[in-house]
Amino acid sequence: MSFLKNLPYEWQVGLRYTRAGKRGGRNRFISFISLISTAGIALGVGALIIILSVMNGFQKDVTNRMLSVLAHVEVFDKAGGMPDWQQQAKNALRHPEVKGAAPFSEMQAGLMHGSDALRPAMVRGVLPAQEPAVSDVAGHVKFGSFDALRPGEFNVVLGIDLARALNAGIGEKITMVLPQGTVTPAGVVPRMRSFTVVGIFAAGHQEFDAGMAFIHLEDAQRMLRMEAPSGLRLRLADMHRAPQVAEELKQLMPANLEVRDWSKLNANWFAAVQVEKRMMFIILTLIVAVAAFNLVSTLVMTVTDKQPDIAILRTLGASPNSIMKIFVIQGALVGLLGTAIGVGGGVLVAQNIDVIVPFIENLLGVQFLSKDIYYITTVPSDMRWPDVTTIGLISVLLAFVATIYPSRWASRVKPAEALRYE
């Protein structure tokens, strides 16, 4: 190639050493080791991109399922009740990113069907007509109807796993027990009330399906003996901006109101996910590091084989820095090539995993995520370019670091000793 002739001689020699030599034998073996190093870097980079994309996909899927039941932002009155919730809802809706608002009350309760043991649950009181503005729970009702929650009728909609645990179906009665007691001459008696099951929902998130129930807001207020809802639940145009919007809402609303976004309401879960992703990133980066540091052995073998060439170059006036640059170029090219192949392959697989996984399942006659066990039956993928860029830069950096020792060793080769036995 004519353009190679215009490159500095360090680049020309480095490129030549990267390819297999015509003399065969040792040159071809060294180039085979370079090929293995390139393949190792490519596999490590590709695997890291694919696995992080799949983890991001699962996180996104689970987050969406959580937010189909949870609100993006919740507003509480520190005094315990919000009698002016209509006015506060208007104040919140003035923010351009707030798209919906609905009141709610929430309480911990024990649910019991017949003589079975109590099952703990989070019971949320809502207005069925306004709840679709802030959550998708009405759309997840599989049996019965969410609109059957009417004031004064003491009806309840259960999570599907909670209904199974209680062995309660549509139209059956369950007993709700609150930990707050009522003082009587006989002592403190727990508050109890019979509710009729009118709906069963399946949100696809085990925490909610096994531990959440919905009742009408007025029924919840009667159970809690409150004259107003606990607060407001808000839905935003962009859930990822919830922390920023929550801070802005604090400036718009009275000081006695507490504003919390969904990431703080589920801080433990998100912290666990982030730790898992970091650990997985570190483990897979070590795989890339092992492949990158294979370059050390490749370059050491190359330096050993090319000592006569190094001696001749030194005799012709090449400086130690030029000799070092030759082998840095060789190692960096291997690292860049491996990274480029890995990034290309990883991005291709990550973007088409919804096609690749079903093909493998059909080919092998297996199902990786059985619908009898998992709520998520397909392998999701959410490839993010910042992750791809970070992985690529780390891979190239590791490859460059791996070239330093062999290159410095090559620069210290003494011409007289190298040519002694030639």
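The values are calculated or read from the model by the stated rules, or taken from the named source; none is laboratory data. Everything numeric here is computed off the predicted structure, so don't read it as measured data. Backbone-built Cβ (ideal geometry, glycine too); neighbour counts: all protein chains shown. In case anyone asks, the SASA skips ligands and DNA or RNA and just uses the protein heavy atoms, side chains included. Shrake-Rupley method; radii C 1.70, N 1.55, O 1.52, S 1.80 Å.
When you go through (1) touching a Leu at 6+ places or on another chain (Cβ under 6 Å); (2) at pLDDT 85 or above one by one for Thr377, which number turns out not to apply?
Only one criterion in (1) touching a Leu at 6+ places or on another chain (Cβ under 6 Å); (2) at pLDDT 85 or above is unmet by Thr377, namely (2).
Within region 140-148, identify whether any single residue is part of a loop (DSSP other than H, G, I, E, B), in contact with a Lys or Arg (Cβ under 7 Å, 6 or more places away or on another chain) and modelled with pLDDT of 90 or more, and answer yes or no. Can you show your working first?
Going through region 140-148, the residues part of a loop (DSSP other than H, G, I, E, B) turn out to be 145.
Within this subset, residues satisfying the condition of being in contact with a Lys or Arg (Cβ under 7 Å, 6 or more places away or on another chain) are none.
No, every residue in region 140-148 fails to be part of a loop (DSSP other than H, G, I, E, B), in contact with a Lys or Arg (Cβ under 7 Å, 6 or more places away or on another chain) and modelled with pLDDT of 90 or more.
Does Leu337 count as open to solvent by 90 Å² or more (accessible area, probe 1.4 Å) and either closer than 28 Å to Val62 by Cβ or touching a Cys at 6+ places or on another chain (Cβ under 6 Å) (or both)? Talk me through it step by step, then tell me what you get.
Details: open to solvent by 90 Å² or more (accessible area, probe 1.4 Å): yes; either closer than 28 Å to Val62 by Cβ or touching a Cys at 6+ places or on another chain (Cβ under 6 Å) (or both): no.
Spelling it out, it is not the case that Leu337 is open to solvent by 90 Å² or more (accessible area, probe 1.4 Å) and either closer than 28 Å to Val62 by Cβ or touching a Cys at 6+ places or on another chain (Cβ under 6 Å) (or both).
Does Gly152 satisfy the condition of being at pLDDT below 90, over 35 Å from the mean Cα position of the chain (by Cα) and open to solvent by less than 50 Å² (accessible area, probe 1.4 Å)? So that I can check it myself, show each step before the final result.
Values: at pLDDT below 90: no; over 35 Å from the mean Cα position of the chain (by Cα): yes; open to solvent by less than 50 Å² (accessible area, probe 1.4 Å): yes.
Here the answer is no, as Gly152 does not meet what is asked.
Looking at (1) among the acidic types (Asp, Glu); (2) open to solvent by less than 80 Å² (accessible area, probe 1.4 Å); (3) modelled with pLDDT under 85, can you tell me which one Glu248 breaks?
(3)
I'd like to check something: does region 72-94 contain any residue that is closer than 22 Å to Ile215 by Cβ, at pLDDT 85 or above, buried (at least 20 other Cβ atoms within 10 Å of the Cβ) and under 30 Å from the mean Cα position of the chain (by Cα)?
Checked region 72-94: at least one residue is closer than 22 Å to Ile215 by Cβ, at pLDDT 85 or above, buried (at least 20 other Cβ atoms within 10 Å of the Cβ) and under 30 Å from the mean Cα position of the chain (by Cα).
So in region 193-207, with the set limited to residues that are open to solvent by 10 Å² or more (accessible area, probe 1.4 Å) and not in a strand (DSSP E or B), which one is nearest to Ala148 (Cα to Cα)?
Initially, region 193-207 is screened for residues open to solvent by 10 Å² or more (accessible area, probe 1.4 Å), giving 193-194, 196, 198, 200, 202, 204-207.
Right, trim to not in a strand (DSSP E or B) and you get 202, 204-207.
Values: Ala202: 17, Gly204: 22, His205: 23, Gln206: 24, Glu207: 24 Å.
Applying the filter and picking the extreme gives Ala202.
What are the residue pairs meeting all of these: first residue in region 87-100, first residue without any contact (Cβ under 8 Å) to a residue 60 or more places away in the chain, second residue of a type outside the set (A, V, I, L, M, F, W, C) and surrounded by 14 or more Cβ atoms within 10 Å (Cβ to Cβ), Cβ atoms under 9 Å, and 6 or more apart or on different chains?
Leu93/Lys99; Leu93/Gly100
Can you name the helices (runs of 4 or more DSSP H) wholly within region 212-323 that have at least 3 residues being touching a residue at least 24 places away in the same chain (Cβ under 8 Å)?
Values: elements: 217-224, 242-252, 262-265, 267-305, 307-315.
By residue number, 217-224, 242-252, 267-305, 307-315.
For region 107-117, check the following and say yes or no: at least one residue is of a type in the set (D, E, K, R) and modelled with pLDDT of 90 or more. Write out each step before concluding.
Within region 107-117, the subset of a type in the set (D, E, K, R) is 116.
Okay, now just the ones that are also modelled with pLDDT of 90 or more, so none.
No - not one qualifying residue is present in region 107-117.
Pick from Phe368, Phe359: which is in a loop (DSSP other than H, G, I, E, B), more than 16 Å from Val45 (Cα to Cα), without any contact (Cβ under 8 Å) to a residue 40 or more places away in the chain and open to solvent by 60 Å² or more (accessible area, probe 1.4 Å)? Before you say what the answer is, go through the steps one by one.
Values: Phe359 fails: in a loop (DSSP other than H, G, I, E, B).
Sole residue among the options that is in a loop (DSSP other than H, G, I, E, B), more than 16 Å from Val45 (Cα to Cα), without any contact (Cβ under 8 Å) to a residue 40 or more places away in the chain and open to solvent by 60 Å² or more (accessible area, probe 1.4 Å): Phe368.
Within region 218-242, restricting attention to residues that are modelled with pLDDT of 85 or more and open to solvent by 50 Å² or more (accessible area, probe 1.4 Å), which residue is nearest to Lys99 (Cα to Cα)?
Ala237
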